[in-house]
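Below is one structure; the comments refer to it alone.
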Amino acid sequence: MKPSPPAIEHPMCHDHSLVFLKKREVEVPCEACKKSIDGPSYSCLECIHVYFHLDCVHLSKEMYHPCHPSYPLEVAEESEKNNQDAEKSCHFCAFQPEKKVCYHCYVCTFTMCFGCIKNPPPLVIENTKTHKHPLRLLLSRIAFTCKVCGIEGYRSKPYICVKCDFLVHGDCIGLPRVININRHDHQISFTQHLGRRGTQCGFCWRDVSQYHGAYFCSVCPNYTVHSLCAFNDNAWDGVDLEGIPERSEDISPFKVVGHNLIHHFSHNKHTLRLLKDNVDIQDDECIRCEACIHPVQVGQIYSCTECCFVLHEKCANLPMMKRFPFDRAPYMLECDRSATYCKLCGMLCAGFRYTSERDMLRYHYIDVNCGSLFEPFSHNAHSHTLYFVISENNYCDACKRVPHDYMLRCDKCDFDLCLYCVTLPEKIWHMCDEHPLTLSCDGNMSGKTGAGATFVRVN
């Protein structure tokens, strides 16, 4: 192989001379194709942090390319890129090249970036998981609806089966058939014809068309997810589960040992009995649930037959394993009594908590109050259901604070609740009053336009 010259006086990809560099310790992007450089490269001594792949500096100024065989492609001049009729982005990857980093056809509007010139998409793809016939790359830019993801419009790398009138994005070919996402406890499977299953996406909560591809749960007949939503970076764990049987793990936290009697994992030395009216302890305001640390005077509880261990009925039923929207890995329920701060609501937690097995995770400890939230979530403060979103500097309509992480939101009304306010108990007992206090809303809680929307406790 001919060695690379130590310098290039007049490269076609840059205005200044370039010098040869050996492998760098830190990866940097190529100025031409924008891909990472992990080997030898060329660098400009006059510009700061400008590097090129070895093969990017040697591309010819004019070529015939298999993806555009009719006319030659030339390196676009700045004047031509300002032409309103010329395509500004790459025909295949939709990347919009910067100065002198694309090829253009001067006969038609066709444009290709350096990356696709070096690594063009295949002209024919055979993938029986996506379609039974070979799919051919469509060299013309057209608006179409992808049969796999259902997205309509002009997008990159369209492939077609003329015989079946089947059009699909190149990126949608070969999607995994079976996956797990953090919004659902079961595996979900891909189908090209959703039919009359659920019509609402379990990730974005928008409508799902029955005529295009989507993911569905075979256990929960109404649970469906858009194809693209399933592969959101915050949802899928990156594992293809096709051919791997789903594990039927026992996530129940207790075993039934008799009528209204259980052995709970957190207190297995004694038996817990279900009390439906709290007659025995409602006068003792110091007794709290061991899981959520809230008072137990209101609602059904499980009480130990031999000691003062007490759990709310709903806390006793918390699953041992659960998935959350803010992480792709499952969390396990623990009854460690050491005090830690919940990473979602910021409250000090001395009860049960959900813990990730990944030590460096940001959301390592989640108390059971935040861990009990689900989508769609109904709250007395708002008439519509709420969904998890990243706060993005939105303030809570109850306490007026801006949370740093996740919150529950109604997009229709621009209404938000932070997780601290969402997890406030609906009823409490207070030493100043002999009656229970109920959480209610004072003011108009319909959205950001509501004035003075706050939470108060009323008799």
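At a glance:
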read-out	value
Cβ crowding within 10 Å averaged over residues, with 113-120, 199-206 ranked highest first	113-120, 199-206
Residues Asn260 and Cys399, FRET efficiency given R0 of 30 Å [Cβ-Cβ distance, rounded to 0.05]	0.15
Given Lys35/Lys88; Lys61/Lys132; Lys276/Lys400, the pairs whose alpha carbons are separated by over 30 Å	Lys61/Lys132; Lys276/Lys400
The stretch 183-243 - share of DSSP beta bridges that are antiparallel (%, nearest 5)	90 percent
Sites Val124 and Glu74, calculated FRET efficiency, Cβ-Cβ separation with R0 22 Å, nearest 0.05	0.25
Label zone at Asp411 (point 7 Å along Cα-to-Cβ), backbone N below 12 Å, the stretch 171-211	201-208
Gyration tensor (Cα) of the stretch 112-222, equivalent ellipsoid semi-axes in angstrom	28, 15, 14
Fully extended contour minus Cα-Cα distance, from His435 to Asp233, at 0.36 nm per residue	67.9 nm
Computed label-point distance, nm, for sites Met332 and Leu241 using a 7 Å Cα→Cβ extension	1.9 nm
Sites Val107 and Arg206 - FRET efficiency at Förster radius 45 Å, r taken between beta-carbons, to 0.05	0.60
Cut-off 19 Å (backbone N to label point 7 Å along Cα→Cβ of Val389), residues of the stretch 201-244	201-208, 226, 229-230, 232-235
Which of Asp207, Asp185 has the fewest Cβ neighbours within 10 Å, and the rest in rising order	Asp207, Asp185
Difference of contour (0.36 nm per residue) and Cα-Cα distance, Ser60 to Leu274	69.1 nm
3J(HN,Hα) from dihedral phi, the stretch 400-405, Karplus parametrisation 6.51/-1.76/1.60, rounded to Hz, x for glycine, proline	6, 8, 9, x, 8, 10
Cα gyration tensor shape for the stretch 321-371, rounded if a/c is under 1.5, else prolate or oblate	prolate
Shape call, the stretch 140-189: gyration tensor on alpha carbons, a/c limit 1.5	prolate
Cα gyration tensor category, rounded, prolate or oblate, for the stretch 383-438 with a/c compared to 1.5	prolate
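Taken together, the values in this text are just the output of simple stated rules run on the coordinates, not laboratory data. It should be emphasised that the depicted structure is a prediction, and the values quoted were computed from it without experimental measurement. Quick reminder, even Gly has a Cβ in these numbers, built from the backbone with ideal geometry, and neighbours come from all protein chains shown.
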